[in-house]
Amino acid sequence: MTSVRTTTGIGSHHRAAEGTGHRVGQGLTRPPLLPRLNAMNAQPICPLNPPPRLLLFDLDDTLCDYAAARTLRLRRAFAPALDHVPDLDLDRVIEDSITVHPHGTDHFAELLLRHGVVNPAVAEAAADWYRTNLFHGLALFDDAVATLQVLRNSVQGFKRRIGLVTNGPAEVQRAKIELLEVEPLVDFVLVSGEFGAWKPDPAIFAEALRLGGAPAAEAVFVGDSAEHDIAGARAAGIRTIWVNRTGQPWAGGDPPDYEATGLGAVRSLLGAGDNSNLAQPAQGATGGR
Ligand SMILES: [Mg+2]
């Protein structure tokens with residue numbers, strides 16, 4: 001399935017299609033869109049020049065669907081409140097909760113009270129359940145395993161290393177990585193809580209380059225966060241692929257080098273766009289969920 005998207009805010013209108021990717025940004029010459037690949041004529045095409053030999057990936061909402069899991073988890077945590085306020089607008093409560101930063105349960109009591117749930121024990125129970133079931137519903141995107149496998153393999157004799165660079169407390173991120181069984185699929189894991197610096201701090205990108213044994217010019221960072229991933233990697237001199245599954249307009253500072261609608265587009269950008277060897281090819285703009 002091809003998704004065509006018009007986005008404003010990155011200097012000029014542009015299109016992005018699953019299975020393709022292209023360079024964006026002011027002052028850059030925009031190359032013609034890549035021909036869409038299919039099983040009959042797929043050829044490795046790598047528009048990143050020089051081709052990166054170190055691929056750095058963010059975890060949450062890049063390889064695993066943290067946002068969907070959070071929504072599920074909030075729904076399960078707040079659902080018992082319906083017993084107390086039958087006409088509670090659960091969708092609205094979840095929507096309001098998602099806008100609160102940082103994530104957590106500190107706002108639960110005030111939020112539920114605002115929606116008419118006056119019994120504080122309901123908020124306490126919701127918070128307890130939410131904290132206890134930290135990874136409820138969390139899973140990798142459908143094509144994440146196949147993507148990491150195919151990217152790690154050599155393409156035309158070109159060997160690449162893959163690093164996972166993730167923000168979060170060490171205990172939480174390590175437990176998540178173990179649950180998702182993602183560590184065997186990469187060459188190294190770098191967790192901000194262990195290292196002591198968080199994206200977008202240049203120190204963590206420098207450490208990723210050290211662990212990956214590549215200079216910035218030979219690396220690429222793939223992530224969904226304009227601030228943490230794209231701005232941070234750019235500041236470290238690393239090329240960037242912004243994973244924008246939901247078609248958001250760019251709202252960060254300097255734009256990413258490339259935009260991808262999902263992991264299928266990432267594969268194409270990195271010269272591994274032939275989906276015929278993937279167990280579960282990407283399914284479109286939502287990245288194959
Ligand atoms: Mg992320």
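Descriptive notes on the structure:
- Taking 0.36 nm per residue of sequence separation and removing the Cα-Cα distance, the T132/T99 pair yields an extension gain of 9.7 nm.
- Fully extending the segment from A170 to A109 would add 19.2 nm, taking 0.36 nm per residue of separation and subtracting the current Cα-Cα distance.
- Count Lys and Arg as plus one, Asp and Glu as minus one, and take only other residues whose Cβ is under 9 Å from that of L134; the net charge is then +3.
- Protection proxy ranking, peptides 56-69, 124-137, average beta carbon neighbours within 10 Å, highest first: 56-69, 124-137
- Per-residue packing, averaged as other Cβ atoms within 10 Å, sorts the ranges 221-227, 267-273 into the order 267-273, 221-227, beginning with the highest.
- Here each label is just a point 7 Å from Cα along the line to Cβ, and for N119 and E227 those points are 3.7 nm apart.
- Cα-based shape type of segment 197-264, given that a ≥ b ≥ c are square roots of the gyration tensor eigenvalues and the cut on a/c is 1.5: prolate
- Amide H contacts under 5 Å for V222: L56, F57, D58, I241, restricted to partners 5 or more places along the chain or on a different chain, H placed in the peptide plane at 1.01 Å from N.
- Rough spin-label spacing in nm, given labels placed 7 Å along Cα→Cβ, for R210 and A139: 3.8 nm
Where a number appears in this text, it was derived from the coordinates with a stated rule and is not lab data. Everything numeric in this text was worked out from a predicted model, so none of it was measured. Note that each Cβ is placed from the backbone with ideal geometry, even for glycine, and that neighbours are counted across all protein chains shown.
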